[in-house]
Amino acid sequence: MTRKAVVMARGLGTRMQRETGDVELSEEHLRAARAGHKALMPLLGRPMLDYVVDSLLQAGLDHVCLVIAPDAEPLREAARRISAASGARVECAVQQEPRGTADAVLAAEEFAAGDTFVLSNGDNLYPVSALRALAEIEDGDCRAVAFDRDALLAHSNIAPDRIRAFAAMSVGEDGRLEGIVEKPPDPERYARDGRLWVNMNLYRFAPAVFGACRAIDPDPVRNELELTAAVAELVRRGRPAVRVVYSTEGVLDLTSRSDITAAEQALAGRRLSF
């Protein structure tokens, strides 16, 4: 069983920092938005990161690494606080420059230390069932969680235009990932039997992912090392295989200021374990 999880928490929070006239935030929310630490955005009095780690713990993932910026002392303090309160091991790895999601994965190579690990975003709250499915896999292959687009629209706080910006997936009849494309202009072409499957940076990786991350070139438009390109490289190599775990549940997304109210409504009544 996989016990390690890597949470990408370095994001600059550009959209969260952007002021919009139709969204009023409390002073506490404003401080977090201006700091650019989306993982520390307070939701019902607790940082988003607390909910993320609590979900990981429910799935059996109790050794957590936060990928952070060099000067992100508030996230280091959060790691110490959560470790003390929850009994989990929460530590940090530094991504020196914001060079993309594949580079963020490389920052956690020492933490992985040759073990399999689950990878997630720091501003998404995924279904515990999907996290547990990844944690309980015992083979040496990789996994990519495929979320049903229509289910995301029905059960998430994610608008249709934002879903179009996710990575579209092509899955073979044997359950292997055949292709993955970041922000395709025509995602519908990847639909199969009327269903479009997308990825939201939720994976279970074997150590081979680090070699794949080193093998790719920066995206020619965004000039970033994108994780989808590394996953596509793993697919091209064929070993270890990249297999798909399907999910028809929703995901809580905290990308911009307009997401905060919906996120708090979705979390109402949830009790954390620490």
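The values are calculated or read from the model by the stated rules, or taken from the named source; none is laboratory data. Source: prediction; values computed, not measured. Positions of Cβ are generated from backbone atoms using ideal geometry, with glycine treated the same way; all protein chains shown enter the neighbour counts.
Side notes on the structure shown:
Conditions tested, residue by residue: (1) more than 20 Å from E73 (Cα to Cα); (2) part of a helix (DSSP H, G or I); (3) touching a residue at least 60 places away in the same chain (Cβ under 8 Å).
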residue: E91; (1), (2), (3): no, no, no
residue: A102; (1), (2), (3): yes, yes, yes
residue: F111; (1), (2), (3): no, yes, yes
residue: S120; (1), (2), (3): yes, no, yes
residue: L131; (1), (2), (3): yes, yes, yes
residue: A146; (1), (2), (3): yes, no, yes
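- Within the set V64, V145, V90, V118, the sole residue that is within 23 Å of D219 (Cα to Cα), buried (at least 16 other Cβ atoms within 10 Å of the Cβ) and β-branched (V, I, T) turns out to be V145.
- Each residue in segment 257-267 was checked for being more than 15 Å from I158 (Cβ to Cβ) and either touching an Asp or Glu at 6+ places or on another chain (Cβ under 7 Å) or modelled with pLDDT of 95 or more (or both), and 1 pass.
- Looking only at segment 198-239, residues that are in a helix (DSSP H, G or I) and of a type in the set (S, T, N, Q) come to 1 in all.
- Tabulated pairs, segment 214-227, first closer than 20 Å to M8 by Cα, second in a helix (DSSP H, G or I) and among the charged types (D, E, K, R), C-beta under 8 angstrom, 6+ apart or interchain: I216/E233; E224/D103; L225/D103
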